[in-house]
Each structure stands twice: as C-alpha cells, then as structure tokens.
Amino acid sequence: MKDFTFKIPQTIEFGIDSLQKLPQLLKANGSDHVFLISDKGLDGLGVVQKIKEIIEADDITCTTYLGTVPNPTVDIVNESTKLYKESGATSIVALGGGSSMDVAKATGVLAKFGGQITDYEGLHKVPGPIVPIIAIPTTAGSGSEVTASAVITDEARNYKMSVISYEMLPKYAILDPKMIMTVPASVAAACGIDALIHAMEAYVSLNASPFTDAMAEKAMGLIGSNLRQFVANRQDEEAACAMMAGSTFAGLAFAWARLGNVHAMSHPVSAYFHVAHGVANAILLPTVVEFNALADRGRYEKIYNYISTSKELVTDFTPDMLVEELKQLNADLGIPASLSEAGVTADKIQEMAEDAMKSPNVAVNPRATNIKDIIALYEKAL
Ligand SMILES: [Zn+2]
C-alpha cells in the first residue's frame with residue numbers, strides 16, 4: 001500500500017431542513033455580514049430569497065451576487081471579488097451547483113490574496129486560508145462543497161482552467177436534500193451522472209487510497225441504486241437523500257484521489273462548444289472506460305455491480321459489460337450518444353486534445369495517455 005494523506009476539514013450538516021442551521025454556523029464563525037453568491041435561475045425560483053430570509057432573521061447582513069453562470073469566467077470572478085470587497089462582508093455563502101461554488105472559491109482567493117485568478121492556476125498555488133465559505137449545494141452534484149478545486153473559464157484562451165488548493169475547501173457544507181427536489185429532470189440527470197463519474201474516476205485513479213476507495217464505493221452504491229429513480233421523480237425523498245449524500249461522498253473521493261481522462265477531456269468540450277459539464281462527461285465516459293480497460297485490476301467488476309440494474313452478481317464479468325451498461329444508463333437518462341449529437345465538430349479536436357493534456361487529471365488516469373490517445377478518444381466519441 002502506498003503512502004497517502006486524507007483529511008475532512010469541513011463540518012458537514014446533512015438532513016431535510018438542515019438549512020435552518022445556517023445562522024448558527026455563521027455565528028460560530030463570527031460572521032455578521034455574509035456575501036451570498038448564487039445565480040439568477042435560483043433567484044427566479046425564490047430560493048435566494050428563502051436563504052436571505054433565514055440569514056437576516058438572525059440579524060446578519062446579507063449582500064447578494066447573482067452573476068454566476070454555467071462555466072463561470074475570469075470576468076465574473078473579478079466582478080464578484082470587487083463587489084465582495086465593497087460590501088464589507090467577512091464570509092461567503094455559496095448557493096447553487098458547481099458554478100456558484102467555483103465562483104465563491106475564486107472570490108475567496110482574490111479577496112484575500114489579490115491578483116487575477118489565473119495567477120493561481122494549477123496545483124497548490126494559494127498561499128493560505130481564504131475567506132471562509134459555507135457551501136449549500138442545490139444539485140447532486142458537483143461535490144464542490146467538499147473539494148479543493150475551482151474550474152474557471154479563461155475566455156482569452158477558450159480554456160477551462162483548474163485552480164486546485166486545499167486552502168479553498170469550504171469550511172461548512174449544508175446538505176439539505178430538499179434543495180435538489182425541485183430541479184428539472186435534465187439537470188438531475190446531468191449532475192447525477194457527473195457525481196457517479198467523480199466516484200468512478202476517483203476509484204480507478206492512480207492516486208486512489210483506501211480512504212478515497214471507501215468514499216468512492218459508498219458514492220457508487222448510493223448513486224448507482226438511486227440515480228434512475230431520482231431522475232424519474234425528484235420528489236422521491238429517499239432517492240434525493242441518497243443522491244445528495246452520494247454526491248458528497250464522490251466529492252470527498254475525488255478531492256483526494258483526483259479524476260481522470262473523462263474530466264480532462266470534458267473541460268475543453270465545454271469550453272469550445274458550451275456542452276453542459278455533466279453531459280460532456282457522460283458522453284465521453286463509455287469511450288474512456290473502454291480505453292482504460294487494459295489497465296483494470298478488477299475494479300471494473302466492482303463498479304459494474306454497483307451500477308448494474310441486474311440484481312444478480314456476475315461471475316463471468318468482462319470490461320465490455322461495463323461499457324454497455326454505461327451506454328444504457330446514458331440512454332435511460334436522455335444523454336446524447338455521441339459528441340456530434342451534442343454539437344461538437346471535428347475541426348477543434350487538435351486544440352481540445354492539447355488543452356486536455358494540460359489537465360493534472362491525465363497524470364492519474366489509470367492507463368498512461370499521450371496526445372495521440374486523446375485525439376483517438378475524441379474521434380471515437382464524436
Ligand atoms: Zn465533474
């Protein structure tokens with residue numbers, strides 16, 4: 001067994017109506033003024049107002065920023081940071097999916113240490129603790145409430161860059177399954193399969209440890225047996241609880257084990273063609289799983305048993321069974337079967353492959369991968 005580091009520095013509050021604990025967490029943190037980062041979609045649904053009321057009922061001032069969009073940009077981070085500094089707030093509440101949490105983490109870095117978020121690109125460039133963040137996920141999910149990374153799009157380069165630093169871990173995560181029980185089916189599908197992929201990539205990562213394995217296995221168990229039901233009916237409380245917890249377990253797994261080629265390749269797809277993150281990952285997944293099969297040391301069979309709709313444990317497993325199962329899962333969830341179906345064209349493959357190779361996730365993918373492999377994988381998934 002190789003050496004590893006594993007730590008869960010966050011406080012995780014889980015449960016129906018756990019949102020009500022928000023003021024007490026803010027007070028424990030000494031915050032009398034919070035900066036709430038969210039998006040216009042959640043504002044339109046009344047969710048932002050609801051959170052604001054919970055905060056303000058306890059005499060805590062709340063300034064809101066609703067400029068977050070999917071695949072948030074450097075400009076959005078700059079705008080959010082400027083408003084944070086002007087507000088006089090001392091902590092951040094991140095309300096939303098991965099994008100709001102990415103903006104919150106990046107804002108927390110710039111508010112504390114200044115400069116541009118591009119200065120912190122890559123591994124461990126953030127020099128110390130950032131502004132404290134309380135993360136409230138509204139999807140299941142990015143797992144971003146427990147991860148050390150922020151993905152920000154640098155439009156100048158058409159590039160989704162990753163800032164990865166343990167200083168960015170949110171201090172608190174409030175997991176209230178009620179928050180995900182009103183999402184549209186398409187969002188539940190895209191975010192849910194993304195969470196499953198987080199667990200799968202962490203599980204086969206070269207950086208996996210027994211602790212991340214435990215988290216990944218729990219995540220695959222919860223998500224594998226509830227994803228279809230949750231997409232079918234988001235009001236299914238048991239499925240919603242399983243998805244919310246599963247997504248966070250997956251986040252804990254990949255925060256320490258990292259990811260693999262699926263995420264390395266999906267970021268350029270989103271940057272060039274604006275395909276939703278979870279959808280891009282799901283389309284690429286069967287192709288990458290097939291490629292990585294050569295490096296498998298028995299983990300594929302375990303993954304298969306977590307996600308298979310068949311209740312019987314297989315005794316004659318072959319990797320192509322997992323590939324077929326994942327294709328069927330995508331079809332059941334309404335995910336396009338190919339990149340071209342999602343609007344991706346072949347003319348950007350070279351650029352996308354060059355960008356994918358810059359991802360730190362390629363280095364921990366179980367099968368050694370070079371740019372020719374990435375090009376071939378894009379061509380196959382197209
Ligand atoms: Zn993801």
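Here is how the numbers come out for the structure above:
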quantity	calculated
Spatially proximal aspartates and glutamates relative to Lys302 (Cα-Cα < 17 Å; intrachain offsets below 8 disregarded)	Glu201, Asp213, Glu217, Glu290, Glu312, Asp316, Asp320, Glu324, Glu325
Beta bridge orientation in the chain: antiparallel %, DSSP, nearest 5	25
For the stretch 11-179, size of Cβ-based charge dipole, Lys and Arg +1, Asp and Glu -1, in debye	220
Accessible solvent surface per residue of the stretch 11-179, calculated while the other protein chains remain in place, 1.4 angstrom probe, Å²	37
The stretch 148-234 shape via C-alpha gyration tensor axes, a/c threshold 1.5	oblate
Two-site label geometry, Ala293 and Thr345: point separation in nm, points 7 Å out along Cα→Cβ	3.3
Among Gly98, Gly278, Gly343, residue whose mean-square fluctuation peaks in a GNM of the chain (springs only between Cα atoms under 10 Å)	Gly343
Sulfur and carbon atoms: percent of accessible area, the stretch 185-381 [1.4 Å]	52
For the stretch 7-117, diffusion coefficient by Stokes-Einstein and Kirkwood Rh (Cα), 25 °C, 0.890 mPa s, µm²/s	171
Net lengthening on full extension, His274/Glu86 (0.36 nm per residue, minus Cα-Cα)	64.5 nm
Whole-Hz couplings from phi, Karplus 6.51/-1.76/1.60, listed for the stretch 5-13; x for Gly and Pro	10, 9, 8, 10, x, 7, 9, 10, 9
Of Ile193, Ile303, Ile371, the one that fluctuates the most in a GNM where the chain has Cα springs shorter than 10 Å	Ile371
GNM result for the chain, Cα springs below 10 Å: residue of Met357, Met243, Met161 fluctuating most strongly	Met357
Residues of the stretch 216-257 with amide N under 13 Å of the 7 Å Cα→Cβ point at Lys50	235
Gap separating the Cα centres of the stretch 148-198 and the stretch 64-142, nearest whole Å	12
Fraction of accessible area attributable to carbon and sulfur, the stretch 77-174 (%, probe 1.4 Å)	50
For the stretch 185-381, accessible area per residue (1.4 Å probe, heavy atoms of protein chains only), Å²	39
Positive-end extreme of charge dipole, the stretch 78-131 - chosen from Ala89, Ser99, Gln116 (charges on Cβ)	Ala89
Binned Cα-Cα distance frequencies in the stretch 185-381 - 10 Å width, integer %	10, 39, 38, 12, 1
Size of electric dipole in the chain: Cβ of Lys, Arg +1 and of Asp, Glu -1, about Cα centre, debye, nearest 20	560
On Cα atoms only, tilt of 277-292 relative to the major axis of the chain in degrees	30
Given charges at Cβ of Lys, Arg, Asp, Glu: the stretch 185-381 dipole, positive-most of Ala342, Ser270, Leu322	Ser270
Cα shape, the chain, gyration tensor, a/c 1.5 rule	prolate
Over 23 Å between alpha carbons, listed pairs Lys27/Lys125; Lys105/Lys218; Lys171/Lys358; Lys358/Lys380	Lys27/Lys125; Lys105/Lys218; Lys171/Lys358
Folded to 0 to 90 degrees: helix 98-113 orientation relative to the chain principal axis, Cα	50
Relative contact order for the stretch 185-381, counting Cα pairs under 8 Å that sit 6 or more residues apart, in percent	27
Most to least packed among 3-14, 144-155, 163-174 [average Cβ atoms within 10 Å]	144-155, 163-174, 3-14
Shape box of the stretch 306-368 [Cα atoms, principal axes, largest first, Å]	44, 29, 15
Cα gyration tensor, the stretch 13-54 - rounded (a/c under 1.5), prolate or oblate	oblate
C-alpha long axis of helix 210-224 to longest principal axis of the chain, angle in °	80
Accessible-area composition of the stretch 1-55, carbon plus sulfur, in percent [1.4 Å probe]	50
Centre separation in Å (Cα based) which lies between the stretch 1-24 and the stretch 326-371	31
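The values are calculated or read from the model by the stated rules, or taken from the named source; none is laboratory data. Computed from a predicted structure; not experimentally measured. Note that we place each Cβ from the backbone using ideal geometry, even for glycine, and neighbour counts take in every protein chain shown. Note: areas computed on protein heavy atoms with side chains; ligands, DNA, RNA excluded. Shrake-Rupley method; radii C 1.70, N 1.55, O 1.52, S 1.80 Å.
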